[in-house]
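First the structure, in the form of structure tokens, and then the observations on it.
Derivation of every value follows stated rules applied to the coordinates shown; laboratory data play no part. Just so we're clear, the structure is a prediction, and the values are computed from it rather than from any experiment. Positions of Cβ are generated from backbone atoms using ideal geometry, with glycine treated the same way; all protein chains shown enter the neighbour counts.
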Amino acid sequence: MIDVGELEFGYGTGEFRLQLAELRVEGGESLAVAGPSGCGKTTLINLLAGILEPQGGRIGIAGLDMATLDAEDRQDLRALKIGLVFQELELLEYLDVLDNVLLPYRLSPVLEIDDTARERALTLLGRVGLEDKVRRPPGKLSQGERQRVAVCRALVTRPAVVLGDEPTGNLDPTNRDHVIDAILGYGRDAGAPVVVVTHDHELLPRFDRVLRVGE
Amino acid sequence: MNDVLYLAWRYLRFNRGKAAVLVGSIGLILFLPAALQVVVRQGTQALTARADATPLLLGAPGSATDLTLAALYFRPPTLEPTRYAEVEHLAASGLAQAIPLHLRYESSGQRIVGTTTDYFAFRSMEVASGRRFAMLGECVLGASAAEALGVGVGETILSSPAGAFDVAGSFPLEMPVVGVLAPAGTPDDEAVLVDLKTAWVISGLAHGHDDVTAPGAEGQVLERQEDNVVANASLLSYTRITPDNLDSFHFHGDPAGFPVDAIVVVPRDRKSGVVLRGRYAEPGGEVQMVVPRAVIDEVVATLFSIRNAILAVSLGLGLATIATATLVFALSIRLRRRELETMRRIGAPRQRVRAILATEILMVVATAVVLASGLTLLVSRFGVSALRLLGS
């Protein structure tokens with residue numbers, strides 16, 4: 001579950017301030033975050049992921065209060081409990097598709113790569129139609145295929161929470177549907193809350209709720 | 001740790017061109033001073049060992065270095081030869097053993113060393129196959145010379161003519177190989193050893209031909225006087241010395257005046273050496289006596305100063321290479337900012353990202369060190385021989 005209350009955040013001395021009185025997203029529920037550019041949608045995702053620290057309020061993720069965690073703990077929390085899909089989140093060009101999906105295991109000291117993880121990665125890649133491209137370098141994939149790999153990477157650790165920042169930006173409708181199906185399907189099956197920032201109004205009806213920021 | 005190594009390895013493998021350039025340039029900058037050090041050390045050892053084993057040298061006045069390099073390393077002699085009488089004079093003094101060296105000729109690039117059998121004992125040479133030369137015209141090959149010429153005991157080699165315009169004689173002499181020396185790791189390995197008289201035969205000071213005084217030789221006689229016979233062009237000198245024609249070989253002139261390029265002087269004792277050096281110390285004399293170790297020490301001092309200059313240049317190049325490599329790594333990290341940010345966002349602690357980058361750098365440096373060590377090892381094994389080949 002995601003539980004946010006009295007959240008406040010601002011960048012330095014700038015005028016931008018994000019304030020959120022309350023937000024709860026239950027397990028298995030999906031929430032779309034919409035709003036004009038610069039209103040703080042990405043900032044909200046970064047706060048929920050523990051990448052940014054709020055100046056006030058509370059953020060609870062999977063039963064843990066972010067305020068009680070130091071930077072290292074938040075790092076571990078991200079590796080263990082949060083699946084992140086960003087539009088600009090890069091694949092590593094020097095790893096093949098399978099290794100890119102398994103990257104969280106190689107980067108985090110709290111995760112260990114094993115046969116189960118490999119099987120799960122292959123299953124996820126199969127679900128998004130990339131089972132025959134597991135040994136390809138990302139440079140030989142289309143934009144849509146690359147984003148599907150990024151989704152598999154976010155879900156391979158079986159996260160308790162899934163966060164997405166414009167995960168379908170720049171994708172054609174077919175690839176967009178593939179990506180959203182994968183994210184929402186995982187949320188439903190795993191009972192994980194899903195929060196996705198999107199500009200695409202056609203996608204909003206696919207979510208259980210829509211949070212409009214800055215309007 | 002395995003994951004860090006794996007990711008670093010995959011990055012370097014993917015960027016193998018950049019990695020190879022870095023490994024090559026860092027490896028080269030490590031290799032050059034190390035190899036130079038090895039070559040100078042081994043070269044110095046080889047130079048001084050040979051010089052230490054040669055107490056004194058006597059030769060024509062001029063460059064002591066040229067005389068020493070010719071006598072010890074069989075470099076082509078540049079000084080005028082001295083007379084064989086000096087050998088007799090030294091021997092008669094009873095103060096030293098005198099071993100003459102005649103170094104003017106070659107056989108297909110291998111120096112022909114005209115000397116006496118005393119030289120074998122003096123250099124503690126071991127004959128690997130065959131025997132020492134015993135008869136005029138025979139030769140014994142150093143191990144490398146035998147390999148280079150591709151001949152062995154029982155075969156023959158030809159001396160090379162001294163020059164196209166050498167009209168005084170010195171036509172090629174066919175010499176049977178009677179022995180091959182065991183490898184010694186010294187310049188003797190490259191030599192073709194012959195008796196001093198054989199060297200004089202090659203130079204045309206001695207020769208053999210049919211007896212023009214014999215009955216039936218009128219066709220070869222141009223003019224017959226009371227005490228002299230002048231042969232015509234049909235009289236051919238022998239180009240190979242055999243037991244059958246050996247007696248026909250004779251010298252024209254007094255051997256005391258015949259040339260030797262250097263004389264190895266082995267004093268009977270320390271005092272004899274001092275006395276001899278005093279005798280030949282007079283400036284402007286017809287000959288000079290040198291102490292090879294003193295000459296080689298001067299050469300080595302020059303080598304050291306050249307080495308130091310090269311090391312200083314290498315140090316500058318090294319610093320430039322390190323600066324360039326640092327710049328390449330720094331720029332690379334900057335270009336990979338988004339990739340590193342991705343790693344952090346999906347749960348990599350800062351230390352792990354740093355460990356991956358550090359491992360990449362370590363792998364490049366370690367490979368460069370291995371490359372440089374391997375090349376230095378090769379140089380230490382073959383470098384001096386290769387330099388000797390280049391110089392010959």
Radius of gyration and Dmax over the Cα atoms of the stretch B:307-346, both given in Å: 16.8, 54
Sequence of A:H201, B:H89 once ranked by neighbouring C-beta atoms within 10 Å, starting from the fewest: A:H201, B:H89
Cα-Cα over 30 Å, subset of A:K41/A:K81; A:K41/A:K140; A:K41/B:K18: A:K41/A:K140; A:K41/B:K18
Whole-number percent relative contact order across chain B, with pairs defined as alpha carbons under 8 Å at least 6 apart: 29
Global form of the stretch A:160-215, assessed from the alpha-carbon gyration tensor, a/c cut-off 1.5: oblate
DSSP-defined beta bridges in the protein assembly as shown - what % are antiparallel, rounded to 5: 65
Shielding score for B:2-9, defined as the mean number of other chain Cβ atoms within 10 Å: 3
Scattering curve values for the protein assembly as shown, log₁₀ I(q)/I(0), Debye with Cα scatterers, q = 0.07, 0.08, 0.11 Å⁻¹: -0.64, -0.70, -1.03
Percentage, to the nearest whole number, of Cα pairs in chain B over 31 Å apart: 55
Euclidean distance of C-alpha centroids, the stretch A:150-215 and the stretch A:97-141, integer Å: 19
Global geometry of the stretch B:1-141, whether rounded, prolate or oblate, following the gyration tensor of its Cα atoms and the 1.5 cut on a/c: prolate
Principal semi-axes in Å for the stretch B:263-310 [√(5λ), Cα gyration tensor, largest first]: 29, 13, 8
From phi via Karplus (6.51, -1.76, 1.60), per-residue ³J(HN,Hα) for the stretch B:43-55 in Hz, x at Gly/Pro: x, 4, 4, 5, 4, 6, 4, 5, 5, 4, 7, 10, x
Gained length - B:R279 relative to B:A134, 0.36 nm times residue gap less alpha-carbon distance: 48.8 nm
Order by protection proxy (mean Cβ within 10 Å, highest first), peptides B:258-270, B:75-87: B:258-270, B:75-87
Kirkwood Rh and Cα Rg combined as Rg over Rh, evaluated for the stretch A:108-156: 0.99
Overall form of chain A per C-alpha gyration tensor (a/c, 1.5; a/b vs b/c): prolate
Average Cα contact separation per residue, chain A, under 8 Å, 6 or more apart, as relative contact order %: 31
Taking A:K41, B:K18, B:K271, A:K81 and counting other C-beta atoms within 10 Å, the order from fewest to most: B:K271, B:K18, A:K81, A:K41
Order of B:F122, B:F74 under a 10 Å beta carbon neighbour criterion, fewest first: B:F122, B:F74
Number of partner chain Cβ atoms within 10 Å, mean per residue of B:346-358: 5
Other-chain or far-sequence residues with amide H under 5 Å of B:A262's (modelled H): B:L101
Spatial extent of the stretch A:67-189: Rg and Dmax, with the Cα atoms as the point set, Å: 13.8, 44
